[in-house]
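What follows is a short report on a single structure.
The values are calculated or read from the model by the stated rules, or taken from the named source; none is laboratory data. The shown structure was predicted, so the numbers you read here are calculated from the model rather than taken from an experiment. Cβ placement follows ideal geometry from the backbone for every residue including glycine, while neighbour counts extend to all protein chains displayed. Please note that ligands, DNA and RNA were not included when accessible areas were found on the heavy atoms of the full protein model with its side chains. Shrake-Rupley method; radii C 1.70, N 1.55, O 1.52, S 1.80 Å.
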Amino acid sequence: MTIQANPEAVTVEALINGQNAKSLSQTAKENPANPSEIVGYFPVTTKEQAVEAIEAAAEAFKTWKKTDIEERVTRMRKAIEKIRAAESEIVNLLSREHGKPLYDAHGEIYVSLMWMEFACNEAAAALQADVQEHDHGKTILSYDPIGVVAAISPWNYPIALSTIKIAPALLAGNAIVLKPSPYAPLAAAKVAEIIASEFPAGVINVVHGGADVGVELTTNPRVAKIAFTGGTETAKHIIKAASDTIKDMTLELGGNDAAIFLESFDVNDERAMRRIVVSNFLTTGQICMIAKRVYVHRSIYDQFVEKYIEAANRWIRVGDPFNPETTVGPVNNVKQKDYVTGLVKDAKQRGAQVVPLGRILDQQQFDQGYYLQPTLVLGCDAHDPIVVEEQFGPTVPILPFDDVEQAIELHNESIYGLTSSVWGAEDEAIAVARQLEAGTTMINTAAVQGLDVRFPFGGFKQSGIGREYGTEGIRTYTEQHVINVPKMLDLPYIPE
Ligand code: NAD
(Lines give C-alpha, C1' and ligand atoms only; values in the text may rest on other atoms or scores of the structure.)
Protein backbone atom coordinates (compact mmCIF):
# COMPACT_ATOMS: atom_id res chain seq x y z
CA MET A 1 0.00 0.00 0.00
CA THR A 2 1.44 3.39 -0.99
CA ILE A 3 0.87 5.98 1.72
CA GLN A 4 0.19 9.46 0.41
CA ALA A 5 -0.47 12.72 2.21
CA ASN A 6 -3.67 14.39 1.10
CA PRO A 7 -2.79 17.76 -0.53
CA GLU A 8 -4.96 19.36 2.18
CA ALA A 9 -3.18 17.44 4.99
CA VAL A 10 -3.12 19.47 8.19
CA THR A 11 -0.66 19.45 11.04
CA VAL A 12 -1.78 20.22 14.56
CA GLU A 13 0.47 20.88 17.54
CA ALA A 14 -0.14 20.92 21.25
CA LEU A 15 -1.38 24.28 22.52
CA ILE A 16 0.30 25.33 25.75
CA ASN A 17 -0.19 28.75 27.30
CA GLY A 18 -1.41 30.22 24.00
CA GLN A 19 1.55 28.92 21.98
CA ASN A 20 1.93 25.92 19.71
CA ALA A 21 4.41 23.64 21.44
CA LYS A 22 7.17 22.25 19.24
CA SER A 23 6.90 18.49 19.01
CA LEU A 24 9.76 16.05 18.55
CA SER A 25 7.71 13.65 16.46
CA GLN A 26 4.41 13.61 14.59
CA THR A 27 1.96 10.75 14.08
CA ALA A 28 0.10 10.41 10.79
CA LYS A 29 -3.71 10.15 10.87
CA GLU A 30 -5.09 8.04 8.04
CA ASN A 31 -8.44 8.32 6.27
CA PRO A 32 -10.59 5.32 7.35
CA ALA A 33 -12.31 5.34 3.94
CA ASN A 34 -8.93 5.11 2.22
CA PRO A 35 -6.18 4.21 4.69
CA SER A 36 -3.42 4.90 2.15
CA GLU A 37 -4.28 8.61 2.41
CA ILE A 38 -2.85 10.71 5.23
CA VAL A 39 -5.33 13.33 6.42
CA GLY A 40 -2.96 15.09 8.76
CA TYR A 41 -0.39 14.86 11.51
CA PHE A 42 -0.61 15.25 15.27
CA PRO A 43 2.08 15.12 17.94
CA VAL A 44 2.46 12.85 20.91
CA THR A 45 2.79 15.26 23.78
CA THR A 46 5.62 14.44 26.16
CA LYS A 47 5.07 14.09 29.90
CA GLU A 48 7.01 17.35 30.42
CA GLN A 49 4.74 19.17 27.96
CA ALA A 50 1.62 17.78 29.66
CA VAL A 51 2.90 19.09 33.00
CA GLU A 52 3.63 22.46 31.35
CA ALA A 53 0.07 22.57 30.00
CA ILE A 54 -1.38 21.82 33.44
CA GLU A 55 0.82 24.49 35.03
CA ALA A 56 -0.17 27.02 32.38
CA ALA A 57 -3.82 26.29 33.14
CA ALA A 58 -3.24 26.58 36.89
CA GLU A 59 -1.57 29.97 36.39
CA ALA A 60 -4.27 31.25 34.02
CA PHE A 61 -6.98 30.08 36.43
CA LYS A 62 -5.81 32.60 39.06
CA THR A 63 -6.96 35.49 36.89
CA TRP A 64 -9.68 33.81 34.83
CA LYS A 65 -11.71 32.81 37.89
CA LYS A 66 -12.07 36.50 38.79
CA THR A 67 -13.66 37.50 35.46
CA ASP A 68 -17.37 38.18 35.42
CA ILE A 69 -19.90 36.04 33.63
CA GLU A 70 -20.62 38.72 31.00
CA GLU A 71 -17.02 38.69 29.83
CA ARG A 72 -16.91 34.89 29.68
CA VAL A 73 -20.16 34.68 27.72
CA THR A 74 -19.08 37.41 25.28
CA ARG A 75 -15.82 35.59 24.55
CA MET A 76 -17.62 32.25 24.10
CA ARG A 77 -20.16 33.78 21.72
CA LYS A 78 -17.33 35.18 19.58
CA ALA A 79 -15.78 31.70 19.50
CA ILE A 80 -19.14 30.24 18.40
CA GLU A 81 -19.29 32.73 15.51
CA LYS A 82 -15.77 31.80 14.44
CA ILE A 83 -16.63 28.08 14.49
CA ARG A 84 -19.73 28.82 12.41
CA ALA A 85 -17.63 30.75 9.89
CA ALA A 86 -15.17 27.85 9.61
CA GLU A 87 -17.87 25.15 9.59
CA SER A 88 -17.35 23.72 6.11
CA GLU A 89 -13.59 23.46 6.61
CA ILE A 90 -14.08 21.73 9.98
CA VAL A 91 -16.73 19.39 8.57
CA ASN A 92 -14.44 18.31 5.72
CA LEU A 93 -11.59 17.60 8.09
CA LEU A 94 -13.82 15.73 10.54
CA SER A 95 -15.35 13.62 7.79
CA ARG A 96 -11.96 12.75 6.33
CA GLU A 97 -10.24 11.83 9.59
CA HIS A 98 -13.23 10.11 11.20
CA GLY A 99 -15.05 8.45 8.33
CA LYS A 100 -18.48 9.90 9.14
CA PRO A 101 -20.47 11.11 6.10
CA LEU A 102 -20.62 14.87 5.50
CA TYR A 103 -24.25 15.23 6.68
CA ASP A 104 -23.30 13.46 9.90
CA ALA A 105 -20.22 15.66 10.43
CA HIS A 106 -22.50 18.70 9.93
CA GLY A 107 -24.84 17.15 12.49
CA GLU A 108 -22.01 16.95 14.99
CA ILE A 109 -21.23 20.67 14.58
CA TYR A 110 -24.96 21.42 14.81
CA VAL A 111 -25.26 19.64 18.18
CA SER A 112 -21.99 21.17 19.43
CA LEU A 113 -23.11 24.72 18.63
CA MET A 114 -26.61 24.11 19.98
CA TRP A 115 -25.08 23.14 23.31
CA MET A 116 -22.54 25.99 23.34
CA GLU A 117 -25.34 28.48 22.64
CA PHE A 118 -27.50 26.95 25.37
CA ALA A 119 -24.60 27.10 27.83
CA CYS A 120 -24.04 30.79 26.96
CA ASN A 121 -27.75 31.57 27.41
CA GLU A 122 -28.05 29.71 30.71
CA ALA A 123 -24.68 30.31 32.37
CA ALA A 124 -25.57 33.54 34.20
CA ALA A 125 -28.67 32.03 35.80
CA ALA A 126 -27.05 28.66 36.52
CA LEU A 127 -24.05 30.26 38.22
CA GLN A 128 -25.88 33.07 40.01
CA ALA A 129 -25.24 32.97 43.76
CA ASP A 130 -28.32 32.34 45.88
CA VAL A 131 -28.46 34.89 48.70
CA GLN A 132 -31.02 34.16 51.42
CA GLU A 133 -32.01 36.20 54.47
CA HIS A 134 -33.75 33.89 56.92
CA ASP A 135 -34.63 33.39 60.61
CA HIS A 136 -31.15 32.17 61.40
CA GLY A 137 -29.29 34.96 59.63
CA LYS A 138 -27.99 35.20 56.09
CA THR A 139 -26.60 32.55 53.73
CA ILE A 140 -24.87 32.93 50.38
CA LEU A 141 -24.66 29.81 48.23
CA SER A 142 -22.22 30.42 45.40
CA TYR A 143 -21.08 28.24 42.53
CA ASP A 144 -17.31 28.61 42.46
CA PRO A 145 -15.00 27.33 39.72
CA ILE A 146 -13.09 24.20 40.64
CA GLY A 147 -9.68 24.93 39.09
CA VAL A 148 -7.85 23.01 36.36
CA VAL A 149 -10.12 20.66 34.44
CA ALA A 150 -8.62 17.75 32.48
CA ALA A 151 -11.02 17.06 29.60
CA ILE A 152 -10.47 13.71 27.90
CA SER A 153 -12.61 12.93 24.87
CA PRO A 154 -13.24 9.87 22.67
CA TRP A 155 -13.05 9.49 18.89
CA ASN A 156 -16.68 8.91 17.99
CA TYR A 157 -17.92 12.52 18.45
CA PRO A 158 -14.61 14.30 18.92
CA ILE A 159 -15.90 17.86 18.56
CA ALA A 160 -19.23 17.52 20.38
CA LEU A 161 -17.66 15.62 23.28
CA SER A 162 -14.89 18.19 23.62
CA THR A 163 -17.11 21.28 23.41
CA ILE A 164 -19.59 19.69 25.83
CA LYS A 165 -16.78 20.12 28.38
CA ILE A 166 -14.94 23.23 27.18
CA ALA A 167 -17.96 25.55 27.08
CA PRO A 168 -19.36 25.01 30.60
CA ALA A 169 -15.90 24.63 32.18
CA LEU A 170 -14.76 28.03 30.88
CA LEU A 171 -18.09 29.76 31.46
CA ALA A 172 -17.92 28.62 35.08
CA GLY A 173 -14.44 30.18 35.43
CA ASN A 174 -12.18 27.11 35.20
CA ALA A 175 -9.10 26.61 33.03
CA ILE A 176 -8.84 23.48 30.93
CA VAL A 177 -6.41 21.00 29.40
CA LEU A 178 -8.08 19.05 26.59
CA LYS A 179 -6.85 15.73 25.27
CA PRO A 180 -8.70 14.54 22.17
CA SER A 181 -8.49 10.90 21.09
CA PRO A 182 -5.57 9.88 18.85
CA TYR A 183 -8.18 8.19 16.60
CA ALA A 184 -9.73 11.58 15.68
CA PRO A 185 -7.52 14.38 16.97
CA LEU A 186 -7.44 16.90 14.11
CA ALA A 187 -10.86 18.56 13.87
CA ALA A 188 -11.25 18.69 17.67
CA ALA A 189 -7.84 20.37 17.94
CA LYS A 190 -8.84 22.92 15.27
CA VAL A 191 -12.06 23.76 17.11
CA ALA A 192 -10.23 24.04 20.44
CA GLU A 193 -7.71 26.40 18.79
CA ILE A 194 -10.53 28.56 17.46
CA ILE A 195 -12.08 28.79 20.92
CA ALA A 196 -8.68 29.44 22.50
CA SER A 197 -8.13 32.41 20.18
CA GLU A 198 -10.94 34.22 22.03
CA PHE A 199 -9.63 33.51 25.53
CA PRO A 200 -6.54 34.59 27.48
CA ALA A 201 -3.43 32.42 27.06
CA GLY A 202 -3.46 29.33 29.25
CA VAL A 203 -7.21 29.23 29.80
CA ILE A 204 -7.47 26.45 27.18
CA ASN A 205 -4.57 24.12 26.50
CA VAL A 206 -4.56 21.10 24.20
CA VAL A 207 -2.34 18.05 24.49
CA HIS A 208 -2.25 14.98 22.24
CA GLY A 209 -1.61 11.27 22.62
CA GLY A 210 -3.15 8.23 24.23
CA ALA A 211 -3.14 6.60 27.64
CA ASP A 212 0.34 7.87 28.65
CA VAL A 213 -0.67 11.51 28.37
CA GLY A 214 -4.06 10.66 29.89
CA VAL A 215 -2.31 9.23 32.94
CA GLU A 216 -0.46 12.53 33.54
CA LEU A 217 -3.75 14.40 33.33
CA THR A 218 -5.48 12.07 35.76
CA THR A 219 -2.70 11.86 38.37
CA ASN A 220 -1.27 15.38 38.42
CA PRO A 221 -2.13 16.99 41.78
CA ARG A 222 -2.85 20.36 40.12
CA VAL A 223 -5.77 18.91 38.16
CA ALA A 224 -8.89 19.38 40.27
CA LYS A 225 -11.51 17.81 38.00
CA ILE A 226 -11.60 15.14 35.32
CA ALA A 227 -14.27 15.36 32.65
CA PHE A 228 -14.02 12.09 30.76
CA THR A 229 -16.04 10.54 27.97
CA GLY A 230 -14.96 7.12 26.82
CA GLY A 231 -15.08 3.45 27.61
CA THR A 232 -16.05 1.95 30.96
CA GLU A 233 -12.80 -0.04 31.16
CA THR A 234 -10.71 3.14 30.67
CA ALA A 235 -12.79 4.87 33.36
CA LYS A 236 -11.79 2.18 35.86
CA HIS A 237 -8.11 3.07 35.28
CA ILE A 238 -8.94 6.76 35.61
CA ILE A 239 -10.78 6.32 38.89
CA LYS A 240 -7.77 4.46 40.30
CA ALA A 241 -5.30 7.00 38.90
CA ALA A 242 -7.22 9.91 40.41
CA SER A 243 -7.76 8.33 43.79
CA ASP A 244 -4.51 9.57 45.33
CA THR A 245 -5.56 13.18 44.91
CA ILE A 246 -9.38 12.72 45.21
CA LYS A 247 -10.38 14.60 42.07
CA ASP A 248 -13.87 15.69 41.14
CA MET A 249 -15.11 13.63 38.16
CA THR A 250 -17.75 13.53 35.50
CA LEU A 251 -17.64 10.21 33.67
CA GLU A 252 -19.70 9.57 30.53
CA LEU A 253 -19.12 5.94 29.63
CA GLY A 254 -20.30 3.03 27.57
CA GLY A 255 -23.85 1.98 26.92
CA ASN A 256 -25.81 -0.98 25.59
CA ASP A 257 -29.03 0.86 24.93
CA ALA A 258 -32.18 -1.17 24.40
CA ALA A 259 -35.16 -0.29 22.20
CA ILE A 260 -38.41 -1.94 23.31
CA PHE A 261 -41.28 -2.28 20.80
CA LEU A 262 -44.62 -2.85 22.51
CA GLU A 263 -47.56 -4.76 21.04
CA SER A 264 -49.21 -1.38 20.31
CA PHE A 265 -46.41 -0.30 17.95
CA ASP A 266 -47.60 0.13 14.36
CA VAL A 267 -45.21 -1.82 12.14
CA ASN A 268 -46.68 -0.10 9.08
CA ASP A 269 -45.47 3.31 10.30
CA GLU A 270 -42.67 3.84 7.77
CA ARG A 271 -41.34 7.01 9.44
CA ALA A 272 -40.99 5.17 12.74
CA MET A 273 -39.25 2.27 10.98
CA ARG A 274 -36.80 4.71 9.41
CA ARG A 275 -36.21 6.30 12.83
CA ILE A 276 -35.24 2.98 14.43
CA VAL A 277 -32.96 2.11 11.52
CA VAL A 278 -31.24 5.51 11.87
CA SER A 279 -31.07 4.95 15.63
CA ASN A 280 -29.14 1.73 14.98
CA PHE A 281 -26.83 2.76 12.13
CA LEU A 282 -26.11 6.49 12.35
CA THR A 283 -22.35 7.14 12.52
CA THR A 284 -21.92 3.47 11.54
CA GLY A 285 -23.34 2.50 14.94
CA GLN A 286 -20.46 4.19 16.77
CA ILE A 287 -22.48 6.27 19.22
CA CYS A 288 -22.70 5.72 22.96
CA MET A 289 -26.45 6.34 22.88
CA ILE A 290 -27.34 4.37 19.75
CA ALA A 291 -29.95 1.60 20.11
CA LYS A 292 -27.74 -1.49 20.35
CA ARG A 293 -30.30 -4.22 21.09
CA VAL A 294 -33.91 -4.31 19.95
CA TYR A 295 -36.66 -6.22 21.79
CA VAL A 296 -39.97 -6.69 19.95
CA HIS A 297 -43.23 -8.13 21.31
CA ARG A 298 -43.62 -11.62 19.87
CA SER A 299 -47.07 -10.84 18.42
CA ILE A 300 -45.55 -8.32 15.97
CA TYR A 301 -42.04 -9.79 15.71
CA ASP A 302 -42.21 -11.42 12.23
CA GLN A 303 -43.86 -8.43 10.61
CA PHE A 304 -41.47 -6.09 12.41
CA VAL A 305 -38.41 -7.90 11.08
CA GLU A 306 -39.79 -7.87 7.54
CA LYS A 307 -40.55 -4.12 7.67
CA TYR A 308 -37.25 -3.39 9.39
CA ILE A 309 -35.28 -5.08 6.60
CA GLU A 310 -37.24 -3.08 4.00
CA ALA A 311 -36.58 0.21 5.81
CA ALA A 312 -32.91 -0.62 6.38
CA ASN A 313 -32.41 -1.56 2.75
CA ARG A 314 -33.90 1.82 1.76
CA TRP A 315 -31.87 3.95 4.16
CA ILE A 316 -28.47 2.25 4.46
CA ARG A 317 -26.13 3.23 1.63
CA VAL A 318 -22.55 2.41 2.54
CA GLY A 319 -20.00 4.54 0.78
CA ASP A 320 -17.49 7.35 0.69
CA PRO A 321 -18.16 9.96 3.39
CA PHE A 322 -17.89 12.66 0.69
CA ASN A 323 -20.50 11.03 -1.56
CA PRO A 324 -23.83 12.82 -0.86
CA GLU A 325 -25.68 9.50 -1.37
CA THR A 326 -23.80 7.85 1.52
CA THR A 327 -25.63 7.41 4.81
CA VAL A 328 -23.17 5.00 6.45
CA GLY A 329 -19.39 5.42 6.25
CA PRO A 330 -16.51 3.17 7.29
CA VAL A 331 -15.73 2.20 10.86
CA ASN A 332 -13.23 4.65 12.37
CA ASN A 333 -10.36 2.25 13.04
CA VAL A 334 -9.11 -1.30 12.51
CA LYS A 335 -9.37 -2.24 16.19
CA GLN A 336 -13.08 -1.40 16.21
CA LYS A 337 -13.64 -3.13 12.87
CA ASP A 338 -12.01 -6.33 14.17
CA TYR A 339 -13.98 -6.18 17.42
CA VAL A 340 -17.37 -5.86 15.69
CA THR A 341 -16.42 -8.51 13.10
CA GLY A 342 -15.56 -10.85 15.98
CA LEU A 343 -18.93 -10.30 17.70
CA VAL A 344 -20.88 -11.02 14.49
CA LYS A 345 -18.78 -14.10 13.76
CA ASP A 346 -19.34 -15.36 17.30
CA ALA A 347 -23.12 -14.87 16.95
CA LYS A 348 -23.08 -16.86 13.70
CA GLN A 349 -21.11 -19.68 15.32
CA ARG A 350 -23.72 -19.81 18.08
CA GLY A 351 -26.40 -20.37 15.42
CA ALA A 352 -27.74 -16.86 14.81
CA GLN A 353 -28.90 -15.74 11.38
CA VAL A 354 -26.95 -12.74 10.08
CA VAL A 355 -28.84 -10.67 7.50
CA PRO A 356 -26.86 -8.15 5.38
CA LEU A 357 -28.55 -4.75 5.16
CA GLY A 358 -28.40 -1.86 2.72
CA ARG A 359 -26.43 -1.18 -0.42
CA ILE A 360 -22.70 -0.88 -0.96
CA LEU A 361 -22.19 2.04 -3.31
CA ASP A 362 -18.66 1.25 -4.46
CA GLN A 363 -17.28 -2.24 -3.85
CA GLN A 364 -13.69 -1.24 -4.64
CA GLN A 365 -13.72 1.51 -2.06
CA PHE A 366 -15.47 -0.79 0.42
CA ASP A 367 -12.64 -3.30 0.06
CA GLN A 368 -9.90 -0.72 0.55
CA GLY A 369 -11.33 1.11 3.60
CA TYR A 370 -12.30 0.07 7.13
CA TYR A 371 -15.80 -0.76 5.93
CA LEU A 372 -18.14 -3.34 7.40
CA GLN A 373 -21.27 -4.83 5.90
CA PRO A 374 -24.17 -3.57 8.08
CA THR A 375 -26.05 -6.54 9.54
CA LEU A 376 -29.12 -7.58 11.45
CA VAL A 377 -28.67 -10.54 13.82
CA LEU A 378 -31.68 -12.79 14.42
CA GLY A 379 -32.23 -15.89 16.51
CA CYS A 380 -29.59 -15.17 19.11
CA ASP A 381 -29.84 -15.90 22.80
CA ALA A 382 -30.60 -13.02 25.17
CA HIS A 383 -27.21 -13.48 26.81
CA ASP A 384 -25.00 -13.89 23.75
CA PRO A 385 -22.06 -11.44 23.62
CA ILE A 386 -23.59 -9.59 20.64
CA VAL A 387 -26.57 -8.74 22.86
CA VAL A 388 -24.94 -8.00 26.21
CA GLU A 389 -21.78 -6.24 25.04
CA GLU A 390 -21.52 -2.75 23.59
CA GLN A 391 -20.95 -3.49 19.87
CA PHE A 392 -20.23 0.09 18.77
CA GLY A 393 -20.52 -0.80 15.09
CA PRO A 394 -22.97 -1.43 12.23
CA THR A 395 -24.80 -4.47 13.56
CA VAL A 396 -27.88 -4.96 15.71
CA PRO A 397 -29.61 -7.98 17.26
CA ILE A 398 -33.43 -8.10 17.26
CA LEU A 399 -35.04 -10.42 19.82
CA PRO A 400 -38.67 -11.27 20.65
CA PHE A 401 -40.20 -10.95 24.13
CA ASP A 402 -43.44 -12.39 25.49
CA ASP A 403 -44.52 -9.84 28.07
CA VAL A 404 -43.51 -6.35 29.08
CA GLU A 405 -42.12 -7.47 32.44
CA GLN A 406 -39.65 -9.70 30.61
CA ALA A 407 -38.56 -6.80 28.36
CA ILE A 408 -38.06 -4.55 31.39
CA GLU A 409 -36.00 -7.23 33.09
CA LEU A 410 -33.82 -7.76 30.01
CA HIS A 411 -33.33 -4.00 29.79
CA ASN A 412 -32.38 -3.61 33.42
CA GLU A 413 -30.07 -6.59 33.80
CA SER A 414 -27.38 -4.81 31.77
CA ILE A 415 -24.37 -3.40 33.60
CA TYR A 416 -25.06 -0.24 31.57
CA GLY A 417 -27.88 2.30 31.76
CA LEU A 418 -27.19 5.20 29.41
CA THR A 419 -30.27 5.66 27.22
CA SER A 420 -33.18 3.51 26.08
CA SER A 421 -36.33 3.85 24.05
CA VAL A 422 -39.88 2.53 24.17
CA TRP A 423 -42.05 2.45 21.05
CA GLY A 424 -45.84 2.14 20.93
CA ALA A 425 -48.92 3.90 22.39
CA GLU A 426 -47.55 6.94 24.23
CA ASP A 427 -49.10 6.44 27.71
CA GLU A 428 -48.22 2.77 27.76
CA ALA A 429 -44.69 3.53 26.56
CA ILE A 430 -44.21 6.17 29.27
CA ALA A 431 -45.43 3.70 31.92
CA VAL A 432 -42.78 1.21 30.76
CA ALA A 433 -40.13 3.94 30.50
CA ARG A 434 -40.62 4.81 34.16
CA GLN A 435 -39.46 1.32 35.10
CA LEU A 436 -36.24 1.42 33.10
CA GLU A 437 -32.82 2.08 34.61
CA ALA A 438 -31.39 4.61 32.16
CA GLY A 439 -30.34 8.25 32.23
CA THR A 440 -32.62 9.09 29.29
CA THR A 441 -35.54 7.14 27.82
CA MET A 442 -37.04 8.26 24.54
CA ILE A 443 -40.55 7.53 23.36
CA ASN A 444 -41.04 6.52 19.71
CA THR A 445 -37.57 7.63 18.74
CA ALA A 446 -34.05 6.88 19.90
CA ALA A 447 -30.41 7.93 19.93
CA VAL A 448 -29.48 11.48 18.94
CA GLN A 449 -32.95 12.00 17.43
CA GLY A 450 -34.29 12.23 20.97
CA LEU A 451 -31.41 14.19 22.50
CA ASP A 452 -32.34 17.48 24.17
CA VAL A 453 -29.36 19.52 25.36
CA ARG A 454 -31.59 21.49 27.74
CA PHE A 455 -31.86 18.45 30.01
CA PRO A 456 -29.19 16.48 31.90
CA PHE A 457 -27.55 13.59 30.07
CA GLY A 458 -25.64 10.72 31.66
CA GLY A 459 -25.84 7.14 32.74
CA PHE A 460 -27.06 4.83 35.47
CA LYS A 461 -24.72 2.10 36.74
CA GLN A 462 -21.50 1.55 34.73
CA SER A 463 -22.56 4.09 32.09
CA GLY A 464 -21.15 6.85 34.19
CA ILE A 465 -21.11 9.25 37.08
CA GLY A 466 -22.64 12.72 36.93
CA ARG A 467 -24.42 14.55 34.16
CA GLU A 468 -23.57 16.74 31.16
CA TYR A 469 -25.96 19.07 29.29
CA GLY A 470 -28.72 21.08 30.96
CA THR A 471 -28.13 23.37 33.94
CA GLU A 472 -26.53 20.40 35.66
CA GLY A 473 -23.95 20.24 32.85
CA ILE A 474 -22.83 23.78 33.74
CA ARG A 475 -22.93 23.43 37.53
CA THR A 476 -20.91 20.23 37.34
CA TYR A 477 -17.90 22.50 36.72
CA THR A 478 -18.40 24.25 40.06
CA GLU A 479 -18.05 23.62 43.75
CA GLN A 480 -20.95 24.75 45.92
CA HIS A 481 -19.65 27.22 48.46
CA VAL A 482 -21.81 28.24 51.41
CA ILE A 483 -21.04 31.50 53.21
CA ASN A 484 -23.01 31.56 56.44
CA VAL A 485 -23.67 34.62 58.62
CA PRO A 486 -25.64 33.12 61.54
CA LYS A 487 -27.61 35.42 63.85
CA MET A 488 -26.74 33.32 66.83
CA LEU A 489 -22.93 33.24 66.80
CA ASP A 490 -22.48 31.16 69.95
CA LEU A 491 -24.38 27.88 70.22
CA PRO A 492 -26.35 27.36 73.47
CA TYR A 493 -24.79 23.97 74.26
CA ILE A 494 -21.15 25.18 74.05
CA PRO A 495 -19.92 25.88 77.62
CA GLU A 496 -18.28 29.21 78.55
P1 NAD B 1 -11.50 5.10 25.22
O2 NAD B 1 -11.91 4.90 26.64
O3 NAD B 1 -10.63 4.09 24.58
O4 NAD B 1 -10.72 6.50 25.07
C5 NAD B 1 -11.29 7.71 25.48
C6 NAD B 1 -10.18 8.71 25.76
O7 NAD B 1 -9.44 8.28 26.90
C8 NAD B 1 -9.17 8.86 24.64
O9 NAD B 1 -8.80 10.21 24.53
C10 NAD B 1 -8.01 8.02 25.12
O11 NAD B 1 -6.77 8.37 24.56
C12 NAD B 1 -8.05 8.28 26.61
N13 NAD B 1 -7.42 7.28 27.45
C14 NAD B 1 -7.18 5.97 27.17
N15 NAD B 1 -6.61 5.38 28.23
C16 NAD B 1 -6.48 6.32 29.20
C17 NAD B 1 -5.98 6.30 30.53
N18 NAD B 1 -5.50 5.20 31.09
N19 NAD B 1 -6.01 7.45 31.24
C20 NAD B 1 -6.55 8.58 30.71
N21 NAD B 1 -7.02 8.65 29.45
C22 NAD B 1 -7.00 7.53 28.71
O23 NAD B 1 -12.85 5.30 24.41
P24 NAD B 1 -13.03 5.47 22.83
O25 NAD B 1 -12.78 4.14 22.18
O26 NAD B 1 -12.31 6.67 22.36
O27 NAD B 1 -14.60 5.81 22.76
C28 NAD B 1 -15.59 4.83 22.71
C29 NAD B 1 -16.23 4.64 24.07
O30 NAD B 1 -16.70 5.90 24.55
C31 NAD B 1 -17.45 3.75 24.01
O32 NAD B 1 -17.47 2.90 25.11
C33 NAD B 1 -18.61 4.74 24.10
O34 NAD B 1 -19.80 4.21 24.59
C35 NAD B 1 -18.04 5.77 25.00
N36 NAD B 1 -18.77 7.03 24.84
C37 NAD B 1 -19.61 7.44 25.85
C38 NAD B 1 -20.35 8.60 25.69
C39 NAD B 1 -21.31 9.09 26.76
O40 NAD B 1 -21.72 10.24 26.70
N41 NAD B 1 -21.65 8.27 27.74
C42 NAD B 1 -20.24 9.34 24.51
C43 NAD B 1 -19.38 8.87 23.50
C44 NAD B 1 -18.64 7.72 23.69
For every helix of n ≥ 4 consecutive DSSP H residues, a contribution of -39,500 (n - 2.57) applies; sum these over the chain, divide by its total residues, and give [θ] at 222 nm rounded to the nearest 500 deg cm²/dmol. -12000 deg cm²/dmol
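What is the magnitude of the charge dipole of region 258-450 about its Cα centre, with +1 placed on the Cβ of each Lys and Arg, -1 on the Cβ of each Asp and Glu, and no other charges, expressed in debye to the nearest 20?
About 700 debye.
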What number comes out for accessible area per residue over region 258-450 if the probe is 1.4 Å? Units Å², please. 40 Å²
Less than 19 Å from a label point 7 Å out along the Cα-to-Cβ axis of ASP144: which backbone N atoms in region 444-472 qualify, by residue? none
If you line up the long axis of helix 69-85 against the longest principal axis of the chain, both from Cα atoms, how many degrees apart are they, to the nearest 10? 30 degrees
Alpha-carbon Rg/Rh ratio, for region 258-450, with Rh computed the Kirkwood way: 0.95
Please give the peptides 302-315, 26-39, 179-192 ranked by average Cβ packing (other Cβ atoms within 10 Å per residue), highest first, as a rough proxy for protection. 179-192, 26-39, 302-315
Most positive-pole-ward Cα, ALA433, ILE16, ILE408, against dipole of the chain from beta carbon charges: ILE16
Alpha carbon centroid spacing (whole Å) that separates region 118-145 from region 148-185: 26 Å
Counting heavy atoms of the protein chains only and a 1.4 Å probe, report the per residue accessible area for region 37-168 as a whole number of Å². 40 Å²
Relative contact order (percent) for region 408-496, with alpha-carbon contacts under 8 angstrom and 6 or more residues of separation? 24 percent
Helix 186-196 versus the longest principal axis of the chain: what angle, 0 to 90°, nearest 10, using Cα atoms? 30 degrees
Rounded to the nearest 20 debye, dipole of region 112-169 from Cβ charges on Lys, Arg, Asp, Glu: 300 debye
Please work out the Cα center distance from region 442-462 to region 201-241, rounded to the nearest Å. 25 Å
Of CYS288, THR341, GLY351, which is farthest on the positive side of the dipole of region 258-450, counting Cα position, with +1 on Lys and Arg Cβ, -1 on Asp and Glu Cβ, and the Cα centre as origin? THR341
Counting all Cα-Cα pairs in region 215-269, those more than 12 Å apart amount in percent to 69 percent
I need the peptides 403-412, 285-294 ranked by packing, meaning the mean over residues of other C-beta atoms within 10 angstrom, with the highest value on top. 285-294, 403-412
Dipole magnitude of the chain about its Cα centre, charges +1 at Lys/Arg Cβ and -1 at Asp/Glu Cβ only, in debye to the nearest 20? 1020 debye
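Over region 258-450, what is the mean sequence separation of C-alpha contacts under 8 Å (at least six apart), divided by residue count, expressed as relative contact order in percent? All intermediate terms of the calculation are to be shown ahead of the outcome.
Values: 373 pairs, mean separation 56.6, N = 193.
About 29 percent, as a whole number.
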Kindly identify the chain as rounded, prolate or oblate by the Cα gyration tensor criterion: order the square roots of the eigenvalues as a ≥ b ≥ c, call it rounded if a/c is under 1.5, otherwise compare a/b with b/c, prolate if a/b is larger, else oblate. oblate
Once Lys and Arg are counted +1 and Asp and Glu -1 for all other residues with Cβ under 12 Å from that of ALA227, the total becomes +2
How much of the accessible area of region 258-450, probe 1.4 Å, is carbon plus sulfur, in whole percent? 46 percent
Straight-line reach only, C-alpha to C-alpha below 18 angstrom: list the aspartates and glutamates that LYS345 could link to, leaving out same-chain residues fewer than 8 apart. ASP381, ASP384, GLU389, GLU390
Charge-dipole axis of region 292-445 as Lys and Arg at +1 and Asp and Glu at -1 on Cβ define it, positive-most pick from ALA312, PRO394, ASN332: ASN332
